[in-house]
């Protein structure tokens, strides 16, 4: 494997995101403005938007979700930055992470010093059945979708192979959902920022209020095993194994490292970047790992000159609970077949040895697909600078990682961040 | 005359109830779905081979919230469908519908189950389409 190096250093000097959720009255551009404004406010020293020279926007499918193509110039326009180049980047749910990589490469090449990277998706305007089909088109529409695969279906099939090989149970996956909701409950930007216990209590209270018989759940486990509360989506994945349909945007400001101090005394350097592609799911030798994520992370580690052991926190692509288990293995944190046990043991909890998805992850924070990869960078920015509020991890974070996946791993992109 | 190595050719063969793969004349690797260029040696001399249609189940799910196309066939939350990935005896894997399996009790479905190919004809005349499926061999 080639050990690739950036032509020069790149630093993140601002980051922000919109509230993630379902917003009937917000178009993509409105969400993007919200993210941009928070990013702008996050820059510690003076920042004139005119300093931005180039723009990349991660977006999966505004065409199908909103019937709006050619999205990037619109985003440049709503923040008053035409005629700067504005380019949409699409790699399914990895669009945001890949846009970030494009921004890094644009600076590392020496062509630009200041680049804005955004990600945006408005998904809830479309009926759920059409969202299912739109997301499905990130799979192979000629050879996978005719078999009846949906996105939950793909990851369910991956889970079936993992369960068969490693003896995990569907109950193990519930641990991941519970952890991510516990983290998301401390994130004011989260779409479903509530613990599963509180969710259960709310459902009981709502039933009583309506004069209906109160559900008899005693524990989260009772709740998560109840088909009415947590219906099956694609066996063995239930509703609480799946990330939601979300509207949202996120935004980061990248600059040449040598100019970072003009913007802040606490820049976050991006020292590793890796990306890889892969074949359709059925064509892979091993269905229990995402090869693209392994290749991308190895490339990012080599570029950064660090190993998995050095990473303090990670935001990983938990589009489904099984995806977080596999990510924690693909990134080299845990041995293959042990990720679910580590989660059971609390290793990946916010106060564990290796916190994963302190933001709540895509599961609780929400998954506006083209924005998710940039949203992960926003969380890392906050945690590394000690600005994550109630969910701040209890130790310094000199090194962090983000892992963003497109499709079932036909794309993966990994970044490594350092606070120097 | 040789059929081009395209999805249209593959589907035409499905319509004739043949599951066809491509094999590289240079390195002898077999590919399903068929490919025009060998990803192993990048050779472009492919030949069609008819698979045995026999294999075993490699991964599966039972889908309760389905695609629009499957919903139109009458599947829904109360009537889920099974789909999965089958590894053929030739060593290649393919996505396919699973029929003759208990989609309502997916915990009973076993990876490694011996499977054989089935061809599901849908529609008539010009609209006729054949879908790839597998069913337990025994």
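The values are calculated or read from the model by the stated rules, or taken from the named source; none is laboratory data. This structure is a prediction, so every number in the text was calculated from the model and none was measured. In this analysis, Cβ positions are derived from the backbone assuming ideal geometry, glycine residues included, and neighbour counts consider all displayed protein chains.
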Item checked: the range A:251-268 residues that are free of Cβ contacts under 8 Å to residues at least 40 places away in the same chain, paired with ones that are crowded, with 21+ Cβ neighbours inside 10 Å (beta carbon under 8 Å, 6 or more apart) -> A:261/A:267
Check: Does residue A:145 satisfy the criteria of being facing chain B (nearest Cβ under 9 Å) and within 21 Å of the chain's Cα centre (by Cα)?
Finding: no
Next item on the list: Test each condition in (1) closer than 20 Å to residue A:268 by Cα; (2) in contact with a strand residue (DSSP E or B) (Cβ under 8 Å, 6 or more places away or on another chain); (3) touching a residue at least 40 places away in the same chain (Cβ under 8 Å) for residue A:41 and report the one that comes out false.
Entry: (3)
Checklist line | Qualifying positions in the range A:1-44 - exposed (fewer than 13 other Cβ atoms within 10 Å of the Cβ), part of a loop (DSSP other than H, G, I, E, B) and out of contact with any helix residue (DSSP H, G or I) (no Cβ under 7 Å at 6 or more places or on another chain) | finding: A:2, A:24, A:25
Checklist line | Condition check for residue B:74: modelled with pLDDT under 95 and more than 8 Å from every other protein chain (Cβ to nearest Cβ) | finding: no
Next item on the list: Evaluate the following for residue B:86: is it buried (at least 24 other Cβ atoms within 10 Å of the Cβ) and more than 8 Å from every other protein chain (Cβ to nearest Cβ)?
Entry: yes
Next item on the list: Answer with yes or no whether residue B:118 is more than 13 Å from every other protein chain (Cβ to nearest Cβ), out of contact with any helix residue (DSSP H, G or I) (no Cβ under 7 Å at 6 or more places or on another chain) and surrounded by 14 or more Cβ atoms within 10 Å (Cβ to Cβ).
Entry: no
Checklist line | Given (1) in a loop (DSSP other than H, G, I, E, B); (2) at pLDDT 95 or above; (3) over 21 Å from residue A:21 (Cβ atoms), number of the condition residue A:223 does not satisfy | finding: (1)
Checklist line | Tally of residues being outside any loop (DSSP other than H, G, I, E, B) and either over 17 Å from residue A:246 (Cα atoms) or facing another protein chain (nearest Cβ under 7 Å) (or both) across the range A:131-142 | finding: 3
Next item on the list: Within the range A:73-94, track down each residue that is surrounded by fewer than 22 Cβ atoms within 10 Å (Cβ to Cβ), in contact with a helix residue (DSSP H, G or I) (Cβ under 7 Å, 6 or more places away or on another chain) and in a helix (DSSP H, G or I).
Entry: A:74, A:78
Check: Is it the case that residue A:236 is within 30 Å of residue A:19 (Cα to Cα), under 23 Å from the mean Cα position of the chain (by Cα) and in contact (Cβ under 8 Å) with a residue 60 or more places away in the chain?
Finding: no
Note to self: If I go through the range A:98-130 residue by residue, how many of them are modelled with pLDDT under 95 and either within 9 Å of chain B (Cβ to nearest Cβ) or part of a helix (DSSP H, G or I) (or both)?
What the structure shows: 3
Item checked: Output for the range A:95-131, where each listed residue is within 26 Å of residue B:95 (Cβ to Cβ) and surrounded by fewer than 21 Cβ atoms within 10 Å (Cβ to Cβ) -> A:126, A:127, A:128, A:129, A:130, A:131
Check: Residues of the range B:63-107 being closer than 17 Å to residue B:122 by Cβ and in contact (Cβ under 8 Å) with a residue 60 or more places away in the chain, which ones?
Finding: none
Note to self: Being at pLDDT 95 or above, in contact with a strand residue (DSSP E or B) (Cβ under 8 Å, 6 or more places away or on another chain) and assigned to a loop (DSSP other than H, G, I, E, B): is that true of residue A:393 here?
What the structure shows: yes
Notebook entry, point to check: residue B:14 is checked against (1) out of contact with any strand residue (DSSP E or B) (no Cβ under 6 Å at 6 or more places or on another chain); (2) in contact (Cβ under 8 Å) with a residue 60 or more places away in the chain and fails just one. What number does that condition carry?
Noted result: (1)
Note to self: For the structure I just gave you, tell me whether residue B:39 is in the same structural domain as residue B:18 (by TED's automatic domain parsing) and free of Cβ contacts under 8 Å to residues at least 12 places away in the same chain.
What the structure shows: yes
Next item on the list: Identify, from the list A:54, A:3, the residue that is under 23 Å from residue A:106 (Cα atoms) and modelled with pLDDT under 95.
Entry: A:3
Checklist line | Residues being within 9 Å of chain B (Cβ to nearest Cβ), more than 19 Å from residue A:342 (Cβ to Cβ) and assigned to a helix (DSSP H, G or I) - total across the range A:148-182 | finding: 9
